[in-house]
Amino acid sequence: QVQLVESGGGLVQPGGSLRLSCAASGMFFSRSAMNWYRQAPGKQREVVAGIIYGDTTHYADFVKGRFTISRDNAKNTVYLQMNNLKLEDTAVYYCNANDGRGDYWGQGTQVTVSS
């Protein structure tokens, strides 16, 4: 069955960096659309970045120039490189995938930005 497992979250200081990973299994990864979402306490879930059917990417305005989404099809993994982190980036980050058969979600990984 399809499984998405996020990793790489943690506690960082403002201005620091993290790289999130999402390892996929049980799906046609190389032809899937992959997205990162986040949800802060008391807020709605919002899209952060996406990579669509290979190499077309999109970003939310609040992360442009700071975050980069990428994928490694050989490893069935999508990444989110997060640089210059801000306090308001604190959230649970979720991996989302659609491979044409269904829409799937990971369990989330906590990112906390604090001084």
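None of the figures in this text is laboratory data; all of them are computed from the coordinates on show. Quantities reported herein were computed from a predicted structural model and do not represent experimental measurements. Note that we place each Cβ from the backbone using ideal geometry, even for glycine, and neighbour counts take in every protein chain shown.
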- Rounded to a whole number, what is D in µm²/s for segment 49-110 from Stokes-Einstein with the Kirkwood radius over alpha-carbon pairs (10 °C, 1.306 mPa s)? 123
- Pull out the extension gain between D103 and I52, defined as 0.36 nm times the separation in residues minus the alpha carbon to alpha carbon distance; nm, one decimal. 17.0 nm
- Proximal lysines to K43, defined as alpha-carbon separation beneath 19 angstrom and excluding residues fewer than eight positions away on the same chain: K86
- One would report the Cα pair-distance distribution of segment 5-84, bin width 10 Å, in %, as 17, 50, 28, 4
- Efficiency of FRET from Cβ geometry, S7 and N84, R₀ 25 Å, rounded to 0.05: 0.75
- On the formula 1/(1 + (r/R0)^6), with r taken between the Cβ atoms of R31 and S115 and R0 of 41 Å, the FRET efficiency rounded to 0.05 is 0.45
